[in-house]
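Here the structure is laid out as C-alpha cells; the discussion comes afterwards.
The values are calculated or read from the model by the stated rules, or taken from the named source; none is laboratory data. Because the structure is a prediction, the values reported are computed rather than measured. Neighbour counts run over all protein chains shown; Cβ positions are idealised from the backbone, glycine included.
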Amino acid sequence: MSTNTERQDPQPPPDAAPTRGISVCAPAKLNLFLHIGEKRPDRYHELESLVVFAEAGDRLEFAPASELILKVMGPFRAQCPASEKNLVLKAARALKERGGKQEGAAITLEKNLPVAAGLGGGSADAAATLRALNVLWHLDRPEDELLEIAAELGSDVPACLLSRPCWMAGRGEQVLKTAPLPQLAAVLVNPGVAVPTAEVFATLNARTGVGRMRPPPGNIQTLWDVVAYLDDASNDLEAPASQLHPVIDEVLDALSNEPGCVVAQMSGSGATCLGLFDGGYLALGGAERIAFEHPEWWVRATHIAAADIGEPHWMP
Ligand code: C5P
C-alpha cells in the first residue's frame, strides 16, 4: 500500500481579477467491489470498497458572487432540482460556515450523470464544490478538514473529495489513497431506473462481509492485474438491487456478451453497471452496440482515471 503525494491546490495567478471563476469536474464514482458487513447502531452498514473514478462526469463552474446561487443545466437537470436539498448548496453552506465566509458564489452545475444511479453523482458534485470553493474563497483548508465536512454530507462524499482510486471502509468515511491504477477502458450502462440507496440496503439480506478481501491493491500495472485482484470480489448490493429491478440483470448480460468485456458488475447501489474492456476500441464498439440495441438506456464509453481527476482550475 503506498500513499500518493497530497493534492496541490492551484493558487490564483498574481494578476487574478476578482471576477475570475473556477471550473471543476465531478467524475462518476465506481465501486470495483463493494462488500457489506453488519448494520451498526447508527443504522449504517460497515463496508469495504475499492473506489475509482471515470472520466465521464458532471462539471461545475463557480463565479464570485455575494450570495450562494445554484443553476442546473445539462441532460439530467430535470431530475436534479436546484433546491436547498441539492448537495451542492449543502456543501457550499457547510464550508462557508466553517470558513467564516461572508461571500457567496454563482454556481452552475452541468448534470451529465443519471441521478440515483450508483455513480455517486450528488456526492461527486458536493465534493467538487468543497474543492472548488476552498480555492475560490482562498480558504486553503487542508484535505483532512475537507474530508470531515465531506463525511457529514454523505457516505460517498469523502471518496469523491479525493476523486482518485481509493480504498473505502467504515460507513464510507474512512478513505485511503491507493497506488495509482492503470487507465482502464470502461463502458457505463444505466437502464433508466432510479434506485434510492436506502431502499437497496433495506432489501439486503445476504452479506459476504468485510475483511474478506485482500488488503488494498499494491502494485497493479495492467488490466489483468486488476482482474486477478478482483477475482473473489463482488458487489453485495447487486443481488438486492436486481431483485428490485430485474432489468439490472439484462444490463449485466448485455455488457458480459460484448467482445473484450472482462469484468461486468453493478456500481454502488445501482442501477448503473460497468464493464471493464480489453482496450478502448472494444469499449467503444461495445457501447455503440448496446446503445443501438437499447436506445432507452444511458450508455457511455469512458476511461477509469489512473490518478486524481478532479482538480479545480481557474478559468481564463
Ligand atoms: O450516507 P448516505 O446519505 O449516502 O446514505 C444513504 C443511505 O444508504 C443511508 O440512509 C443508509 O440507509 C444507506 N447506507 C448504509 N450504510 C452505508 C452507507 C449508506 O446503510 N455505509
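Some points to look at:
- Single residue of the stretch 177-198 satisfying the filter (farther than 24 Å from Ala301 by Cα and loosely packed, with under 15 Cβ neighbours inside 10 Å) that is nearest to the ligand (Cβ to nearest atom): Ala198
Every residue, every condition in (1) more than 16 Å from the ligand (Cβ to nearest atom); (2) surrounded by fewer than 24 Cβ atoms within 10 Å (Cβ to Cβ); (3) not in a helix (DSSP H, G or I), yes or no:
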position	(1), (2), (3)
Ala78	yes, yes, no
Lys90	no, yes, no
Ala106	yes, yes, yes
Ser123	no, no, no
Arg141	yes, yes, yes
Glu145	yes, yes, no
Ile149	no, yes, no
Ala159	no, no, no
Trp167	no, yes, yes
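- For the stretch 96-106, the criterion of being on the phi < 0 side of the Ramachandran plot, within 20 Å of the chain's Cα centre (by Cα) and at pLDDT 95 or above is met by none of the residues.
- Neighbours by Cβ (under 7 Å, 6+ apart or cross-chain): first from the stretch 117-132, of a type outside the set (D, E, K, R); second within 13 Å of the ligand (Cβ to nearest atom) and modelled with pLDDT under 95: Gly118/Val195; Gly118/Gly270
- Single match in Ala241, Ala291, Ala228, Ala202 (criterion: within 16 Å of the ligand (Cβ to nearest atom) and surrounded by fewer than 18 Cβ atoms within 10 Å (Cβ to Cβ)): Ala202
Here is a yes/no grid of residues against (1) among the hydrophobic types (A, V, I, L, M, F, W, C); (2) more than 23 Å from His45 (Cβ to Cβ); (3) modelled with pLDDT under 95:
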| position | (1), (2), (3) |
| --- | --- |
| Ala202 | yes, no, yes |
| Pro217 | no, no, yes |
| Asp231 | no, yes, yes |
| Ala241 | yes, no, no |
| Glu258 | no, yes, no |
| Ala283 | yes, yes, no |
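- Residue in the stretch 43-56 that is in a loop (DSSP other than H, G, I, E, B) and either over 30 Å from Gln183 (Cα atoms) or at pLDDT below 95 (or both) present: yes
- Annotation note: Cβ proximity below 7 Å between a residue of the stretch 211-226 that is of a type outside the set (Asp, Glu) and a residue that is assigned to a helix (DSSP H, G or I) (sequence gap 6+ or interchain) occurs for Pro217/Tyr229; Ile220/Val226; Ile220/Tyr229.
- Some residue of the stretch 116-133 being among the acidic types (Asp, Glu) and either at pLDDT 95 or above or in contact with an Asp or Glu (Cβ under 7 Å, 6 or more places away or on another chain) (or both): yes
- The residues of the stretch 244-254 that are closer than 24 Å to Leu204 by Cα and touching a residue at least 24 places away in the same chain (Cβ under 8 Å), listed by number, are Leu244, His245, Val247, Ile248, Glu250, Val251.
- Neighbours by Cβ (under 8 Å, 6+ apart or cross-chain): first from the stretch 292-314, closer than 13 Å to Ala56 by Cα; second surrounded by fewer than 18 Cβ atoms within 10 Å (Cβ to Cβ) and among the polar types (S, T, N, Q): His303/Gln183; Ile304/Gln183; Ala305/Gln183
- Pro217 vs. criteria within 16 Å of the ligand (Cβ to nearest atom) and not in a strand (DSSP E or B): no
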